[in-house]
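A.B. asks: Please see the structure below; I have some questions.
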Amino acid sequence: MDRNYHALEFVPRQSDPERKWALSVKQPLAALIARGLTRIVTKSQAPPPELIGKRIALHAGAGNVPYKAFSEHAAEWAKAAFGAELRDLRYLLPHGGVIATVELEAAFRIGRVIDGHAWANPLGKFSAHYAGRWKGHDGTRVFEQGDVDGRWAWALTAPELCKRTVPLRGYGGIFDLERAREIEAQAQQGDAA
C-alpha cells in the first residue's frame, strides 16, 4: 500500500541514509527512552531498513499521547523520579526539541503482549516482520499498553543525552534533522526581520 510522505520524512529507497535523521517521540515516552528506562517504542510502520543500526536523534514532541495507555510500571517511575503523575510529565519534561541520540538497533512486529512484555510474531510465519538484532528485544517490557498487537516495536538503544535540549519543531516519524534545522533558522531570521 502506497503512503504519502511529508517533505522532510525519510522515504525508503529514495532518501539518503547517510544524512542526519531524527525520530519524533512524544513525552513522557521520549524521556523514558533517553534515560534508558525503556528501549521499545511502538509505531504503526516498520522503520526504514536503511536506518537499522544507525544513530539517530531523539526529538521530544510536545503533543498529547491520547491513543496510548501506559503501564503501572511507568506510573511508578514517574512518581519516584519526578514526584509527579505520569500524565503531567509532558508539561514538566523538555519538549519541542532534540534531547538525545539513540541507535535504531532493531524492530519487530508485535504478535502479542503478555504481562507488559511485547513478543514478536512467530518467526516462521512472518519472516518479513523483523529487522536488525531483534531477538534480544523479544519479550521486552513495554511502557505502552493497550492495543499494540500488530504494531512495530522499534528498539532504540545506547541513548546519549544532549547537554541541553536543541529547540526544534518536530515533523512526525523519522525526519531530516539538517533540513529541519535549516527551516528553523530561516523562521527565526524571518521573525527577527
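A.B. asks: Quote the Stokes-Einstein diffusion coefficient, in whole µm² s⁻¹, for the chain, based on the Kirkwood radius over alpha carbon pairs, a temperature of 10 °C and a viscosity of 1.306 mPa s. Mind dumping the intermediate values first?
C.D. replies: On the way: Rh = 17.2 Å.
After rounding, the answer is 92 µm²/s.
A.B. asks: Among residues other than S15 whose Cβ falls under 11 Å from its Cβ, what is the net charge (Lys/Arg +1, Asp/Glu -1)? Spell out each step's value before the answer.
C.D. replies: Numbers: positive: R13, R19, R179; negative: E9, D16, E18, E50, D176.
That sum, taken over residues with Cβ under 11 Å, equals -2.
A.B. asks: Just from its helices, what would the mean residue ellipticity at 222 nm be for the chain, if runs of 4 or more DSSP H residues each count -39500 (n - 2.57) and the sum is divided by every residue, rounded to the nearest 500 deg cm²/dmol?
C.D. replies: Numbers: 4 runs with 37 residues, N = 193.
So the calculated ellipticity at 222 nm is -5500 deg cm²/dmol.
A.B. asks: To the nearest 20 debye, what is the magnitude of the charge dipole of the chain about its Cα centre, counting +1 on the Cβ of each Lys and Arg and -1 on the Cβ of each Asp and Glu? Show your work: numbers first, answer last.
C.D. replies: Details: 26 positive and 22 negative charges, 49 e Å.
It comes to approximately 240 debye.
A.B. asks: So, taking all protein chains as they sit and a 1.4 Å probe, how much accessible area belongs to W154, in Å² rounded to tens?
C.D. replies: Roll a 1.4 Å probe over it and W154 shows about 10 Å².
A.B. asks: Okay, next question. In square angstrom, rounded to the nearest 10, how much accessible surface does K54 have for a 1.4 Å probe?
C.D. replies: 60
A.B. asks: Strictly over 26 Å apart at the Cα level, which of K43/K135; K79/K135; K54/K79 would you flag in this model? Could you put the intermediate results ahead of the total?
C.D. replies: Values: K43/K135 18 Å; K79/K135 31 Å; K54/K79 33 Å.
K79/K135; K54/K79, as the Cα separations exceed 26 Å there.
A.B. asks: Give me the dipole magnitude in Debye, nearest 20, for segment 150-193 about the Cα centre, with unit charges on the beta carbon: positive for Lys and Arg, negative for Asp and Glu.
C.D. replies: Numbers: 6 positive and 6 negative charges, 41 e Å.
It works out to roughly 200 debye.
A.B. asks: Now, a different point. Take the solvent-accessible surface of the protein heavy atoms, probe 1.4 Å, and return the percent of it on the chain that carbon and sulfur atoms account for. Don't skip to the answer; put the middle values down first.
C.D. replies: On the way: 5110 of 10360 Å².
After summing per-atom areas, the C and S share lands at 49 percent.
The values are calculated or read from the model by the stated rules, or taken from the named source; none is laboratory data. Just so it is clear, the structure is predicted and the values come from calculations on it, not from any experiment. Neighbour counts run over all protein chains shown; Cβ positions are idealised from the backbone, glycine included. Protein only, heavy atoms only, side chains kept; ligands, DNA and RNA dropped before computing areas. Shrake-Rupley method; radii C 1.70, N 1.55, O 1.52, S 1.80 Å.
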